[in-house]
Amino acid sequence: MVKKRTWASIYLFCVFVVLYLPIFYLMFYSFNKAGTMTHFTGFTLDWYKEVFSDKRLIVIVIDTVIVALLSSVISTALGVVGALAVYSTKRRSAKNALLSLNNILMVSPDVIIGASFLILFTLIGIKLGFVSVLLAHIAFSVPIVVLMVLPKLQEMSPTFIDAARDLGARRRDVLLKVVLPFITPGIFAGFFMALTYSLDDFAVTFFVTGNGFSTLSVEIYSRARQGISMSVNALSTLIFLITLAIVLVYYFFSNGIGKAKSYSGGRRV
Amino acid sequence: MAEKMMIQFDHVTKKFDGETILRDISFDIERGKFYTLLGPSGCGKTTILRLIAGFLEPTEGTLTFDGQLVNKIPPNKRQVNTVFQDYALFPHLNVFENVAFGLRINKLASKEIAPRVKEALHFVNLDGYQNREISDLSGGQKQRVAIARAIVNRPQVLLLDEPLSALDLKLRTAMQFELRQLQRRLGITFIFVTHDQEEALAMSDEIFVLNQGKIEQSGSPRSIYDEPINRFVADFIGESNIIPGKMPQDRVVSFAGKTFNCVDQGFNKNESVEVVIRPEDLELKQRGEGLLQVRVESQLFRGVHYEIIGKDEAGNSWMIHSTKSAKINDEIGLYFEPEAIHIMRHGESEEDFDRRLESYEGADHD
Ligand SMILES: Nc1ncnc2c1ncn2[C@@H]1O[C@H](COP(=O)(O)OP(=O)(O)O)[C@@H](O)[C@H]1O
Ligand SMILES: [Mg+2]
């Protein structure tokens, strides 16, 4: 028994090493004086200084965050409405059709989504840049939010709605005072998923950006192509740390909600 | 009289996807009484409650409250509250907020809400539970919160859908008593749904016995128990011996190859009938005494009484409840009073049945 467990831990350890080693390798050389990733000659923060003095880069970071926040807020709103629509669809065939349409968007490759958005935007004459990137991000985030919210709705007993109606609630009150509070954990999960999807999207953004507008992933890609500068490493390190912070915040959020209101999933798990 | 008649079902039919669930149901609910809808699972009890609450609309017929047609009035506009079978308490709200839900929806001032919630919780013996979370409550406590959440709105009618079925036997019996007390104190109408006949007999002013979407019989627990209209009701309400018989003349019935005096009349000469005698109305006698001779086939000790099964000379089985025990294969005598015999006519409607009973119950008093 003990032996089995040690083997399992060793395996797990190896997997994590393989996954994280390149990242730590990259982080390590972001402190390298030599400016290469071959041999370490001494510690420096020069590359970080370079990142922070790079005005263009700072603008891109801010743009990336703005696109991520805006697109995840809007897609969360749309996704919740969508999930409610799917939930309240009575006809089985219609419900399945809606769900399939949603899932197809989830599984289709980014390249195809990106290319088709490029075609769409050029067709209807939307200038490539901030707006096109924002629209594309909203579009690929909505299905994610729907998928995170829908299970919460299905978990909700339909008698909650009956009970609220019975106690005098109009449809609006039922939605605001019963349904939305119940699915709040799903809404948060959807929001954070949309946020991370938007932050690290490369393929779709690569297709639909233009006119001098860029996001971090696209920028890092183009810089890395021009020749490796350790400022890219420094930037990647910063992004990694920020992502880690978001994951931790999300973790505390979902745990906190689960604990404070230990209903449905909370208790049973 | 019109004042007292609160809810009226007039030839109500309910169909789901073309399948008839309730057939041409008519009944009246008066103010301030405890009603029970009793019937086996799937007979349409919940459907009737949902029609009253407004979650469903009748397919045909009319539903009126105080003479007003309410077929299309939504549930939030009805002076009716429901205690749901699964309680349906809101998990994101604590006990206080659950009970206050209806008051907040109706925009009562918070000054008034707190005392009303307290009062409601007091009514269901949950003083001091305001700040508990729903997930921390036991089944019985959830039950009480659900009742408090409904009565805090001071409804005219409280609907309870099998509220006790999830509780264990002891708690269930205690809650039966409490619910009956609560109904008396509040003075409002309770419509209670159950498939448990003992529960129905113990609690109700009036029982509606339902079967396959139809009301088989309605009346006080006593009258339904003593005078079931047909085999279904007799079987469903308690144990009974149902024996085929004939009515040679008024107040005389023959079955098991013998004739007996009874109190029923108004039958055609020699009409075939079904005879009902409750097991507890049969008295054990020595062999050769009593009105009927049976051979004991089996005996079970039931705690309060013995349940004895015997067979008479004509081959009918008799179930006897007695505090005395018998010996298997012994011949024993059975005695019963003429009043213990109840005669059921084949396929009689409830109206005819009531009219017939009234005719000779009136005559009895002369
Ligand atoms: N919304 C519905 N759609 C279709 N059939 C239903 C619906 N609600 C109830 N039924 C059917 O109606 C019948 C009676 O149901 P119900 O009133 O819940 O019975 P009870 O409460 O007496 O057990 C059942 O056969 C059930 O399947
Ligand atoms: Mg039911």
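The values are calculated or read from the model by the stated rules, or taken from the named source; none is laboratory data. Everything numeric here is computed off the predicted structure, so don't read it as measured data. As a convention, Cβ positions derive from the backbone with ideal geometry for all residues, glycine included, and neighbour counts pool all protein chains shown. The area values use the complete protein model at the heavy-atom level, side chains included, leaving out ligands, DNA and RNA. Shrake-Rupley method; radii C 1.70, N 1.55, O 1.52, S 1.80 Å.
Result for chain A in a Gaussian network model with C-alpha springs under 10 Å: among A:Phe43, A:Phe202, A:Phe188, the largest mean-square fluctuation is at A:Phe43. When B:Asp127, B:Asp205, B:Asp264 are compared by accessible surface with a 1.4 Å probe, the order from highest to lowest is B:Asp127, B:Asp205, B:Asp264. Comparing A:Asp54, A:Asp166, A:Asp46 in a Gaussian network model of chain A, where Cα atoms under 10 Å apart are tied by springs, the biggest mean-square fluctuation is seen for A:Asp166. Using C-alpha pairs under 8 Å with a sequence gap of at least 6, the mean separation divided by the residue count of chain B gives a relative contact order of 14 percent.
Quick one: helix A:55-88 against the long Cα principal axis of chain A, what's the angle to the nearest 10°, folded into 0 to 90? Long axis of A:55-88 versus the principal axis of chain A: about 20 degrees. Between amide H atoms placed 1.01 Å from N, distances below 5 Å from B:Ile21 occur with B:Lys14, B:Lys15, B:Phe16, all of them 5 or more places distant or on a separate chain.
Averaging the Cα positions of each part gives two centres, and for the range B:56-91 and the range B:103-175 these lie 20 Å apart. Between the C-alpha center of the range A:95-134 and that of the range A:159-211 there is a gap of 20 Å.
Buried on complex formation within the range A:147-166 (loss of at least 20 square angstrom of accessible surface versus the isolated chain, 1.4 Å probe, ligands and nucleic acids ignored): A:Thr159, A:Phe160, A:Asp162, A:Ala163, A:Arg165, A:Asp166. With the helix formula -39500 (n - 2.57) applied to DSSP H stretches of n ≥ 4, chain B reaches a computed 222 nm mean residue ellipticity of -8000 deg cm²/dmol. Scanning residues 5 or more positions from B:Leu292 or on other chains, those with amide H under 5 Å from its amide H are B:Leu334, with H placed 1.01 Å from N in the peptide plane. With respect to chain B, whose longest principal axis is taken over its alpha-carbon atoms, helix B:110-123 is tilted by about 20°. Computed from point charges on the beta carbon alone (+1 for Lys and Arg, -1 for Asp and Glu), the dipole magnitude for the range A:53-257 about its Cα centre is near 580 Debye. Dividing the mean sequence gap of close Cα pairs (under 8 Å, 6+ apart) by how many residues the range B:183-338 holds gives a relative contact order of 17 percent. Using a cutoff of 8 angstrom between alpha carbon atoms and counting only pairs six or more residues apart, the relative contact order for chain A works out to 28 percent. Remark on B:Leu37: its backbone amide H falls under 5 Å from those of B:Phe192, B:Val193, B:Thr194, B:Phe208, a criterion applied only to residues 5 or more positions apart or on other chains, H modelled at 1.01 Å from N.
Taking the longest Cα principal axis of chain A as reference, the axis of helix A:180-199 is set at about 20 degrees. Look at the stretch B:50-56: the mean tally of other chain Cβ atoms within 10 Å of its residues' Cβ atoms is 2.
Per-residue Karplus couplings for the range B:148-158, computed as 6.51 cos²θ - 1.76 cosθ + 1.60 with θ equal to phi - 60°, are listed in order as 4, 4, 7, 6, 4, 7, 6, x, 6, 9, 10 Hz, Gly and Pro entered as x. Legend: mean number of C-beta atoms from other chains within 10 angstrom of residue C-beta atoms, peptide B:87-100, equals 4.
Of B:Lys14, B:Lys77, B:Lys142, the residue with the greatest mean-square motion in the GNM of chain B, using alpha carbon springs below 10 Å, is B:Lys77. With a simple spin-label model that places each label point 7 Å from the Cα along the Cα-to-Cβ direction, the separation between A:Arg56 and A:Leu99 comes to 4.9 nm. Computed from the C-beta positions of A:Ser254 and A:Leu21, the FRET efficiency with R₀ = 35 Å rounds to 0.75. Compactness check for chain B: Cα Rg over 2.2 N^0.38 Å is 1.17. Here is how the number arises for chain A: DSSP H runs of 4 or more residues each give -39500 (n - 2.57), the sum is divided by the residue count, and the result at 222 nm is -26000 deg cm²/dmol. When A and B come together, around 2100 square angstrom of accessible surface is lost from both chains combined, probe 1.4 Å. What the protein assembly as shown shows is 52 Å² of accessible area per residue, with the surface traced by a 1.4 Å probe over protein heavy atoms.
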